[in-house]
Amino acid sequence: MTIDLFAVRSLLFLPASNPRAIDKARRAGADLVILDLEDAVKPEDKEAARAAAVAALAEPWPMPVAIRVNGLASDLIEADLAAVAASAADFVVLPRAESAEAIQAVWQTVQRGVLAMVETAAGVLAAAEIAREVAGLIAGTNDLAADLRLPPDAGRAPLQMALQTIVLAGRAAGIAVFDGVFNGLGDPDGFLAEADEGRRLGFDGKSLIHPEQIALCHAAYAPAESEIARARRLVDAATGGAERFEDRMIERMHVEAAKRLLARAAGG
């Protein structure tokens, strides 16, 4: 099955050690589910989580599913990658990606698409080379803020350069890029504000930590009715080359952007 990551808006992370969360995720409606073996799982539960992820993927899912492994420096990585290779996972998610060579080594083991998490200063600086080796990039905003030694109340303003660098790397490589998580639960307004900012930065979708964020994410990444209407008018009016449309100059790139917007609206 070919998976169009550009159509993915929501990436729901959940601990592979939690069978109740896995059961809920099957019905939650996320565009992509990520069974986590890393941060969300206690050290004593790592082995059980690995087995649970493989078992969960032996059953059918209505959406693509990935497994996030532990980091390459971990003594768990060999067993994690072997489990991914033996599973029906569509992708492997590699945390703290920092080099193209690391991606190549992971791919050789699992033989499936890699989603690389860019969540360190070194990863941001290597984002362009990483992007050429992966199926998509995920901004790991929590780890990145910690790696940059930002104060807890710094917000996202100090991350703007890093986030835009990740988007630039993805666009240059022609792959999808996804924003990091919003940590607040029970704060729909805060989530929507951050998701809207991510969309304006150019991200294709957002990482989520709770099923309640899925509908909010889809709403934030859905084109507004006014955008859809304008895109339709633009496509209908375009005749090729540079021309005037509603008091603005447009050319081929604007038509292509409008068609992408309409395709996303139709797919959502």
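The values are calculated or read from the model by the stated rules, or taken from the named source; none is laboratory data. Nothing here was measured: the structure is a model prediction, and the numbers come from that model. When we count neighbours, we look across all protein chains shown, and the Cβ atoms used for this are built from the backbone with ideal geometry, even at glycine. Ligands, DNA and RNA are stripped out before the accessible areas are found, and what is left, the full protein with its side chains, is counted by its heavy atoms. Shrake-Rupley method; radii C 1.70, N 1.55, O 1.52, S 1.80 Å.
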Counting only protein heavy atoms with a 1.4 Å probe and every protein chain in place, the carbon and sulfur fraction of the accessible surface of the chain in whole percent equals 54 percent
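For segment 167-231, count all C-alpha to C-alpha pairs, find those more than 17 Å apart, and express that count as a whole percent of the total.
Distances greater than 17 Å cover 43 percent of the Cα pairs.
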Answer in debye to the nearest 20: the dipole magnitude of segment 47-148 about its Cα centre, from +1 Lys/Arg and -1 Asp/Glu charges placed on Cβ, is 240 debye
Checked against the structure, the computed percent of Cα pairs over 27 Å apart among (1) 29; (2) 44; (3) 39 is the one labelled (3)
Here the gain from full extension of Asp4 to Ala48, 0.36 nm per residue of separation minus their alpha-carbon distance, amounts to 12.7 nm
quick note, the chain, DSSP beta bridge pairs, % antiparallel (nearest 5) is 10 percent
Loop-resident trypsin sites (Lys or Arg not before Pro) in segment 130-178 with no more than 16 other Cβ atoms inside 10 Å, DSSP not H/G/I/E/B, are Arg132, Arg149
Projecting the Cα atoms of Ala52, Ala162, Phe245 onto the charge dipole of the chain, where Lys and Arg contribute +1 and Asp and Glu -1 at Cβ, the residue farthest towards the positive end is Phe245
The chain accessible area per residue, 1.4 Å probe, protein heavy atoms, integer Å², reads 49 Å²
Cα extents of segment 107-162 along the principal axes, largest first, in whole Å, come to 40, 18, 14
Given 242-248, 106-112, the highest-first ranking by average Cβ count within 10 Å works out to 106-112, 242-248
Distance in nm between Asp247 and Ala146 label points, each 7 Å along Cα→Cβ, equals 5.1 nm
Taking a ≥ b ≥ c as the square roots of the Cα gyration tensor eigenvalues, with a/c under 1.5 meaning rounded and otherwise prolate when a/b beats b/c or oblate if not, segment 1-105 comes out oblate
